[in-house]
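Quick one: the structure is below, questions incoming.
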Amino acid sequence: FVFSSSAAVYGTLGSVPVSETSATSPISPYGVSKLMTEWMLRDVSVAHDFHYLALRPFNVAGADPGGRAGQRDHASSHLIKVACEVAVGKRRSLEIYGTDYPTPDGTCVRDFIHVSDLADIHLRALEYLSECDASMVLNCGYGRGFSVIDVVEAVARVNSKPITVKHGTRRAGDPAQLVADISALVERLNWVPRYDNLNRIVGDALKWEQGLL
């Protein structure tokens, strides 16, 4: 059984990178529901001949490089999607929530993973379970982070035009940094990312938004 869990199970951890053994303390119903499902899978695997991989993606972004699929949520709060919507004129501006975090430029840092790389991880997880009798939890990311400002600059670079931003106050519950330790993912699934490039992630997301117009 392959389960798409979430890094939301960790809550607001103060240290990075985050490993699979880090404390889990979700702060949202979404994160709680993911963690509850992981617990159920764990218990079933103890009681029966049952094996699973629970994948914990960090910040999933981008779109299918071939333009076949992408995010269509009309009220999205995902940073890269919102920034691309500003770039194509769907929104007037992007609000940055806090510029006084203990990070290099003062804005939050996140580990963004291209959705196509995450899809590949799911396929590799199925292959792993067909060959190994082991259950585990795996973080899914690139093991490095980009700030909100980094994303804004990447969108401007790919679109050859700056986007309008506004500065707001911090949002409750936003950790300064959230970056995955992916050593277990690389070792167990022998995984090598194909789209580990912020410009590529932003470019595919922007192309998708332009197509929706």
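The values are calculated or read from the model by the stated rules, or taken from the named source; none is laboratory data. Just so it is clear, the model here is predicted, and its values are computed rather than measured. No Cβ is skipped: glycine too gets one built from the backbone with ideal geometry, and neighbour counts run over all protein chains shown. For the accessible areas, the whole protein counts, side chains as well, though only heavy atoms, and no ligand, DNA or RNA atoms are used. Shrake-Rupley method; radii C 1.70, N 1.55, O 1.52, S 1.80 Å.
Would you list Ser25, Ser19 from the most to the least accessible area, probe 1.4 Å?
I get Ser25, Ser19, largest accessible area first.
P(r) tail for the stretch 81-138, what percent of Cα pairs lie past 17 Å?
Above the 17 Å cut-off, the stretch 81-138 has 65 percent of its Cα pairs.
Now a separate question. Among Gly211, Thr21, Pro65, which residue has its Cα positioned farthest towards the positive end of the charge dipole of the chain, with +1 placed on the Cβ of Lys and Arg, -1 on the Cβ of Asp and Glu, and the dipole taken about the Cα centre?
After comparing all options, I get Gly211.
Just to make sure I understand: if all protein chains stay in place, what is the order of Trp39, Trp191 by accessible area at 1.4 Å, largest first?
Trp39, Trp191
How large is the accessible surface of Leu79 in square angstrom, using a 1.4 angstrom probe and rounding to the nearest 10?
Leu79 has an accessible surface of roughly 40 Å² with all protein chains in place.
In the stretch 32-135, carbon and sulfur make up what percent of the accessible area (probe 1.4 Å)? Could the numbers behind the result be given before it?
Numbers: 2820 of 5330 Å².
Solvent-exposed carbon and sulfur of the stretch 32-135 make up 53 percent of the total.
Using a Gaussian network model on the chain with a 10 Å cutoff between Cα atoms, which of Arg157, Arg42, Arg68 fluctuates the most?
Highest fluctuation among the options: Arg68.
To the nearest 10 square angstrom, what accessible area does Ser116 show with a 1.4 Å probe?
Its heavy atoms expose roughly 20 Å² to the probe.
Determine how many Å³ per residue the convex hull of the Cα atoms of the stretch 139-182 encloses.
Value for the stretch 139-182: 88 Å³ per residue.
May I ask what percent, to the nearest 5, of DSSP beta bridges between residues of the chain are antiparallel?
10
Under Stokes-Einstein, with the Kirkwood radius over Cα pairs standing in for Rh, what whole-number D in µm²/s applies to the stretch 12-129 at 37 °C and 0.692 mPa s?
Result for D is 188 µm²/s.
Quick one: dipole size for the chain, taken about the Cα centre, charges +1 on Lys/Arg Cβ and -1 on Asp/Glu Cβ, in debye to the nearest 20.
In total the dipole reaches around 900 debye.
Moving to a separate point now. Report the full-extension gain for the segment Val32 to Val192: residue separation times 0.36 nm, less the Cα-Cα distance, to one decimal in nm.
Gain on extension, Val32 to Val192, equals 54.6 nm.
Tell me, what is the per residue accessible area of the stretch 59-129 in Å², probe radius 1.4 Å?
48
Sticking with this structure for a sec: With axes computed from alpha carbons, what is the tilt in degrees of helix 29-47 against the longest principal axis of the chain, rounded to the nearest 10 within 0 to 90?
On a 0 to 90 degree scale, this one is about 20.
If you don't mind, another one. Which far-off residues, 5 or more places away or on another chain, put their amide H under 5 Å from the one on Gln177, with H placed in the peptide plane?
Distant-sequence amide H within range of Gln177: Val109.
Rounding to the nearest 10 and keeping the result within 0 to 90°, find how far the Cα-based axis of helix 115-131 lies from the longest principal axis of the chain.
Long axis of 115-131 versus the principal axis of the chain: about 10 degrees.
Placing +1 at every Lys and Arg Cβ and -1 at every Asp and Glu Cβ, with all other atoms neutral, what dipole size does the stretch 94-213 have around its Cα centre, in debye to the nearest 20?
Value, rounded to 20: 440 debye.
Stokes-Einstein at 25 °C, 0.890 mPa s, Kirkwood radius from Cα pairs: D for the stretch 83-213 in µm² s⁻¹? Write out the running numbers ahead of the final one.
Values: Rh = 16.5 Å.
The Stokes-Einstein estimate is 149 µm²/s.
Given Cys140, Asn190, Val152, which one lies farthest toward the positive end of the charge dipole of the stretch 100-213, if we put +1 on the Cβ of every Lys and Arg and -1 on the Cβ of every Asp and Glu?
In the stretch 100-213, that residue is Val152.
Could you order Met136, Met40 by accessible surface area, starting with the largest, using a probe radius of 1.4 Å?
Met40, Met136
For the stretch 169-203, which trypsin sites (Lys or Arg not before Pro) are in a loop by DSSP, counting at most 15 other Cβ atoms within 10 Å?
Within the stretch 169-203, the qualifying trypsin sites (Lys or Arg not before Pro) (loop, at most 15 other Cβ atoms within 10 Å) are Arg170, Arg171, Arg194.
Sum up the charges of everything whose Cβ sits under 12 Å from the Cβ of Ser19, counting Lys and Arg as +1 and Asp and Glu as -1, but leave Ser19 out.
For residues surrounding Ser19, the net value is -1.
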